[in-house]
Amino acid sequence: MRNLLLYLYSFMSLMTSFAFAEGNPLKPFLWDYRVILVSASPDGVEDRVAELVRAQASIDDRHILWFVIDGESVATNHEQPLAKGFQPAVLKRFFAVQNGDKTQVRLIGKDGGVKAKVEELNLEKLFELIDSMPMRQAEMRKG
């Protein structure tokens, strides 16, 4: 049992160090927000933003910040100015193409870990995934 606890503590420490690694553009939002990142073509930004805005009540309930990023700009529900270099840092860290990975959407948990990589924005499925997570379950119990 003691070995299991030591293993879990080591694993959590390692994961926390990755989440807080230098260069994480989402560091200011950790532990307060879940993040949905959407990489969109310039002509697809408007549709994605409209979809996210329509779901704002559900997004607020789940403590979600969203960012729709194209090659030029960032649309978001975050009310504060973004750090200089936010857009290229997010693209580099979360959307660098590796091994043919063509996913366009990332769900980032409050701990900074990537919880889902999907090709299309499907808020219903993302909400289901979030609602199944232990931290969200605890939030729902608290009311």
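The values are calculated or read from the model by the stated rules, or taken from the named source; none is laboratory data. Bear in mind that the values here come from a model prediction, so they are computed numbers and not experimental data. With ideal geometry, Cβ positions are generated from the backbone for all residues, glycine too; neighbour counts draw on all protein chains shown.
Laid out as a table, the results:
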quantity: Subset of region 65-90 that is farther than 20 Å from LYS115 by Cβ and without any contact (Cβ under 8 Å) to a residue 24 or more places away in the chain - its residue that is surrounded by the most Cβ atoms within 10 Å (Cβ to Cβ); calculated: GLN87
quantity: Per-region count, region 19-54, residues in contact (Cβ under 8 Å) with a residue 60 or more places away in the chain and over 16 Å from the mean Cα position of the chain (by Cα); calculated: 1
quantity: Unmet criterion (only one of (1) within 21 Å of LEU126 (Cα to Cα); (2) out of contact with any strand residue (DSSP E or B) (no Cβ under 8 Å at 6 or more places or on another chain); (3) at pLDDT 95 or above; (4) not in a loop (DSSP other than H, G, I, E, B)) for PRO28; calculated: (1)
quantity: Only one of ARG136, ARG93, ARG62, ARG48 that is crowded, with 16+ Cβ neighbours inside 10 Å and under 16 Å from PRO25 (Cα atoms); calculated: ARG93
quantity: Subset tally (residues that are outside any helix (DSSP H, G or I) and either aromatic (Phe, Trp, Tyr) or modelled with pLDDT of 50 or more (or both)) for region 3-25; calculated: 5
quantity: Test result for GLU128, surrounded by 14 or more Cβ atoms within 10 Å (Cβ to Cβ) and among the charged types (D, E, K, R); calculated: no
quantity: Lone qualifier among ALA96, ALA50, ALA55 - being in contact with a helix residue (DSSP H, G or I) (Cβ under 7 Å, 6 or more places away or on another chain) and either among the hydrophobic types (A, V, I, L, M, F, W, C) or modelled with pLDDT of 95 or more (or both); calculated: ALA55
